[in-house]
Amino acid sequence: MACLLEAPLRISVLSEVTATSRHYVDRLFDPDPQKVLQGVIDMKNAVIGNNKQKANLIVLGAVPRLLYLLQQSSSSLELRTECAVVLGSLAMGTENNIKSLVDCHIIPALLQGLLCPDLIFIEACLRCLRTVFISPVTPVQLLYTDPTVIPHLMSLLSRSQRTQEYITQIFSHCCKTPEHQTVLFNHGAIQNIAPLLISPSYKVRMQALKCFSVLAYENTQVSMTLVNVLVDGELLSQVFVRMMQRDQPIEMQLTAAKCLTYMCRAGAIRTDDSCIVLKTLPCLVRMCSKEHLLEERVEGAETLAYLMEPDVELQRIASTTDHLVAMLADYFKYPSSVSAITDIKRLDHDLKHAHELRQAAFKLYASLGSNDEDIRKKITETENMMDRIVSGLSESSIKVRLAAVRCLHSLSRSVQQLRTSFHDHAVWKPLMKLLQNAPDEVLVMASSTLCNLLLEFSPSKEPILESGVIELLCSLTQSDSPALRVNGIWALMNMAFQADQKVKVEIVRCLGTEQLFRLLSDPDTNVLMKTLGLLRNLLSTRPHIDQIMSSHGKQIMQAVTLILEAEHSIEVKEQTLCILANIADGNTAKELIMTNDDMLQKIKYYMGHSNVKLQLAATFCISNLIWNEEDGSQERQDKLREMGFVDILHKLTQASDPNLSDRAKTAMQQYLA
């Protein structure tokens with residue numbers, strides 16, 4: 001029987017809640033303005049901290065009425081202000097609340113409200129706008145729709161500390177793209193916000209600082225301007241350095257370090273500047289220690305990884321600062337069973353976000369180990385490091401998988417690690433699994449790593465070959481992404497280097513001549529260069545050259561002709577002439593050149609080219625064609641003499657480049673022997 005009673009009870013409670021909520025909404029329509037004002041004030045008190053009440057009022061249509069009252073010039077200023085306050089309170093609820101408010105066009109209504117001269121009303125509108133814009137569900141583009149909004153917000157910065165805090169917070173949340181940075185920059189964001197860094201209000205200083213971090217990120221124009229800005233007679237970079245001091249709140253230290261990091265990466269501050277080496281880097285390393293909160297450790301590690309990514313000297317300094325490499329190992333043990341977290345809510349939050357620590361640690365290890373062999377060794381010798389990377393490759397979080405594969409890629413640049421740790425832990429297995437089904441950004445990183453594992457000195461090369469990787473790589477060469485096409489062909493090029501005939505035949509069969517020639521006319525130069533590299537590796541050792549040229553010679557010669565005739569870089573043409581030199585080294589393959597007078601004329605042209613690299617490669621071709629100890633060499637020598645090649649060789653023996661003159665002399669000796 002009890003079960004039967006439960007449902008009606010719930011319905012009556014719900015109707016009771018809805019009835020009280022409806023009472024609030026009904027009062028907004030009272031003809032007496034005083035009663036409407038009192039109704040709005042009562043509504044304000046009812047919704048504070050009560051998400052259920054907020055949701056009910058939104059469902060019952062309170063928002064359009066509040067916005068109507070807010071926009072009516074006949075409404076008293078007090079009523080309009082109270083409406084803005086209630087709307088701000090409703091926005092403090094759930095993401096669904098924000099969506100409902102945005103759908104009711106709250107943003108244009110509040111922006112319009114900012115044209116009113118009354119400061120209290122302006123602050124109420126800005127507070128509500130701030131709450132709406134900091135939500136991830138609000139489209140930030142709405143701030144930029146009307147071109148008069150940004151300059152008006154800039155003009156309101158001087159009105160009060162509250163307008164400064166709310167407007168800078170809106171800017172820092174709505175600056176998401178280079179276009180947004182440009183709009184803010186062009187409307188004087190730097191001049192208007194810089195003085196706020198020495199505001200007596202901590203909140204204003206903090207929001208101004210956050211503004212500069214989003215404005216400077218990957219933006220050379222902003223960063224170069226910031227370097228020369230003075231705040232109360234002091235250089236901005238020095239203001240940031242002061243904000244990184246240990247006696248400042250952690251949030252401020254971190255954000256100031258981000259500003260200097262972004263300015264450095266954008267080329268406005270040198271990497272060996274003392275404010276980077278002695279202040280920013282140590283501050284970020286400090287943020288990685290275990291006494292900091294999880295999000296501080298994540299942000300510290302990720303910012304540090306970004307700061308030193310392109311600079312080997314900073315990587316070396318960081319690797320010896322405060323035992324950073326060992327400190328990062330703690331990121332994988334968090335939260336430990338003996339965790340010092342007594343706050344249950346905090347523990348619950350950290351357990352949900354522990355993967356972010358692992359992601360940050362992998363990113364920082366990747367950055368630390370991207371150049372220096374000793375640092376890589378230090379990383380792989382850190383407790384269970386390779387096991388951690390291997391398990392990271394199969395984590396459920398895509399971001400962790402990407403960071404783990406980035407770390408693996410960084411370490412795979414080491415010959416030593418490829419021969420030891422990578423082999424001992426069979427990292428190729430989880431890597432191959434990752435390649436089967438992953439988003440493009442993971443595929444790019446995983447296939448780059450695979451390229452390194454397929455180098456000839458890597459012990460992983462054999463087992464990878466046996467796992468049927470060729471088909472996978474050939475499919476990558478058909479990707480729409482140039483980076484994936486490059487990696488697919490690069491891995492095949494590494495695989496074909498000094499490979500058995502069987503492997504080469506399988507590559508050609510699987511790739512197919514049609515796809516090979518499509519890649520030779522790829523618009524991306526990197527793809528073209530790697531395809532030429534693959535062809536060069538396939539056409540090495542005489543039996544292989546002769547076999548491939550006997551089945552595909554006509555198409556290969558056609559492709560070589562097209563490249564030599566087209567507008568290509570010196571590097572592309574040099575690589576193409578080297579392929580021709582390999583063909584000229586075949587026993588039967590060389591006849592494809594000797595019977596092609598057009599091709600011989602091209603070689604002749606490149607022997608007289610102004611670029612030494614091209615002259616060398618072309619001379620190499622001729623040298624291989626006239627080599628004495630081979631069948632038919634006399635006939636070939638005679639034909640080439642008639643075509644004027646001996647005269648050119650004679651001239652090249654006098655070349656100023658020693659390699660070129662030596663190569664020409666070696667070729668001439670074939671005629672004298």
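All of the numbers you see were taken from the coordinates with simple rules; none came from a lab. From a predicted model like this one, the values you see are computed outputs, not experimental measurements. Please note: Cβ atoms are built from the backbone with ideal geometry, for glycine as well, and neighbour counts cover all protein chains shown.
Along the range 393-401 the Karplus relation, 6.51 cos²θ - 1.76 cosθ + 1.60 evaluated at θ = phi - 60°, assigns HN-Hα couplings of 5, 10, 5, 6, 6, 4, 5, 5, 4 Hz to successive residues, with x for each Gly and Pro. Each label was represented as a point 7 Å from its Cα along the Cα-to-Cβ direction; for T182 and D42 these points are 5.4 nm apart.
Restricting the range 330-419 to GluC sites (Glu not before Pro) that sit in a DSSP loop and have at most 12 other Cβ atoms within 10 Å of their own Cβ leaves E381, E383.
Calculate for the chain the 222 nm mean residue ellipticity that helices alone would give, adding -39,500 (n - 2.57) per DSSP H run of length 4 or more and normalising by residue count, nearest 500 deg cm²/dmol. When only DSSP H runs of four or more count, the value is -21500 deg cm²/dmol.
Relative contact order, whole percent, for the chain stands at 5, derived from Cα pairs under 8 Å and 6 or more residues apart. Listed by chain and number, the lysines whose alpha-carbon sits under 19 Å from that of K54, ignoring those within fewer than 8 places in the same chain, are K44, K99.
Helix 542-565 and the longest principal axis of the C-alpha atoms of the chain enclose an angle of approximately 60°.
Restrict the search to the range 233-339; then list the GluC sites (Glu not before Pro) that DSSP places in a loop and that have at most 10 other Cβ atoms within 10 Å of their Cβ.
On the way: sites: E234, E251, E291, E295, E296, E299, E302, E313; in loops: E291.
Filter output for the range 233-339: E291.
Reducing the range 169-193 and the range 357-417 to their Cα centroids gives an inter-centroid distance of 36 Å.
Each 10 Å bin, from zero up to the one with the longest distance, holds this percent of the alpha carbon pairs of the range 552-672: 14, 50, 32, 4.
Between the range 18-42 and the range 498-577, how many Å separate their Cα centres? One Cα centre to the other: 80 Å. Here the 3J(HN,Hα) profile of the range 122-135, calculated from phi with Karplus coefficients 6.51, -1.76 and 1.60 at θ = phi - 60°, is 4, 5, 5, 5, 5, 4, 5, 4, 4, 4, 5, 6, 7, 6 Hz, Gly and Pro shown as x.
Relative contact order, percent, of the range 482-637 when contacts are C-alpha pairs under 8 Å separated by at least 6 residues? Intermediate results must be reported in sequence, preceding the final value.
Details: 160 pairs, mean separation 29.8, N = 156.
Once normalised by length, the contact order is 19 percent.
Compared with the rule-of-thumb size 2.2 N^0.38 Å for a compact globular protein, the chain has a Cα radius of gyration ratio of 1.32.
Sites listed here are trypsin sites (Lys or Arg not before Pro) in the range 146-236 whose DSSP assignment is loop and whose Cβ has at most 12 other Cβ atoms within 10 Å: K176. The peptide list 451-464, 649-662, put in order of mean Cβ contacts within 10 Å with the highest first, becomes 451-464, 649-662. The lysines within cross-link reach of K604, meaning a Cα-to-Cα straight distance under 17 Å and a gap of 8 or more places when in the same chain, are K573, K590, K613, K639, K651, K665.
Here each label is just a point 7 Å from Cα along the line to Cβ, and for A326 and D598 those points are 7.0 nm apart.
Ranked by the mean number of other Cβ atoms within 10 Å of their residues, highest first, the peptides 584-591, 405-412, 35-42, 567-574 come out as 405-412, 584-591, 35-42, 567-574.
Under the definition of Cα pairs under 8 Å and six or more residues apart, what whole-number percent is the relative contact order of the range 421-512? If you can, show how the numbers build up before the last one.
Numbers: 83 pairs, mean separation 24.8, N = 92.
Worked out over the range 421-512, it gives 27 percent.
The label point for A566 and the one for E251, both projected 7 Å from the Cα toward the Cβ, are 5.6 nm apart.
If you look for lysine pairs in the range 412-527 that are eight or more places apart or on different chains, how many of them have Cα atoms under 20 Å apart? Provide the component values of the computation, followed by the final result.
Numbers: K429/K461; K433/K461; K461/K502; K461/K504.
Lysine pairs, 8 or more places apart or on different chains, close enough: 4.
Within the straight-line cut-off of under 20 Å between alpha carbons, the aspartates and glutamates reachable from K279 are E234, D247, E251, E291, E296, E299, E302, E309, D311, E313, D322, sequence neighbours fewer than 8 places apart in one chain being disregarded. Residue by residue, the range 470-481 carries 3J(HN,Hα) couplings of 4, 4, 4, 5, 5, 5, 5, 5, 9, 5, 6, 7 Hz when phi is fed to the Karplus relation 6.51 cos²θ - 1.76 cosθ + 1.60 (θ = phi - 60°); x denotes Gly or Pro.
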